[in-house]
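The values are calculated or read from the model by the stated rules, or taken from the named source; none is laboratory data. Here the structure is a predicted model, which means the values were calculated and not measured. Backbone-built Cβ (ideal geometry, glycine too); neighbour counts: all protein chains shown. Quick note on the areas: whole protein, heavy atoms, side chains included, nothing else; ligands and nucleic acids left out. Shrake-Rupley method; radii C 1.70, N 1.55, O 1.52, S 1.80 Å.
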Amino acid sequence: MKKKNYGARYPNGYADKIGYYQAKLSIAVNELSLGDIKFFTDKLEYFMDKQIELDIRNAKAMARLAELID
């Protein structure tokens, strides 16, 4: 069965998710909630890694486009 492509889930990157989990982590730190600190740190790391992967893919695409234009 083929997967349907409904477009990019995060067309503008993961900045909103990163900001959200940074705020949640800050609140957890202020409350000294160790379970929440761990949870939100894991989420933040996940979305930061996804953003790095996206940035690398975009840089490669731009490099290929630049080669085609030259």
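Relative contact order for region 11-52 using alpha-carbon pairs under 8 Å, separation at least 6, rounded to a whole percent? Computed value for region 11-52: 53 percent relative contact order. Heavy-atom accessible surface of the chain, averaged per residue, reaches 89 Å², computed with a 1.4 Å probe.
For Tyr10, the shell of other residues with beta-carbons less than 10 Å away shows a net charge of +2, using +1 for Lys and Arg and -1 for Asp and Glu.
Dipole magnitude for the chain: computed about the Cα centre from +1 point charges on Lys and Arg Cβ and -1 point charges on Asp and Glu Cβ, it is near 500 debye. How high is the relative contact order of the chain, in percent, with contacts defined as C-alpha pairs under 8 Å that are six or more residues apart? Taking the mean separation of contacting Cα pairs over the length of the chain, I get 33 percent. Over all orientations, the chain has a Cα convex hull whose mean projected area works out to 7.1 square nanometres.
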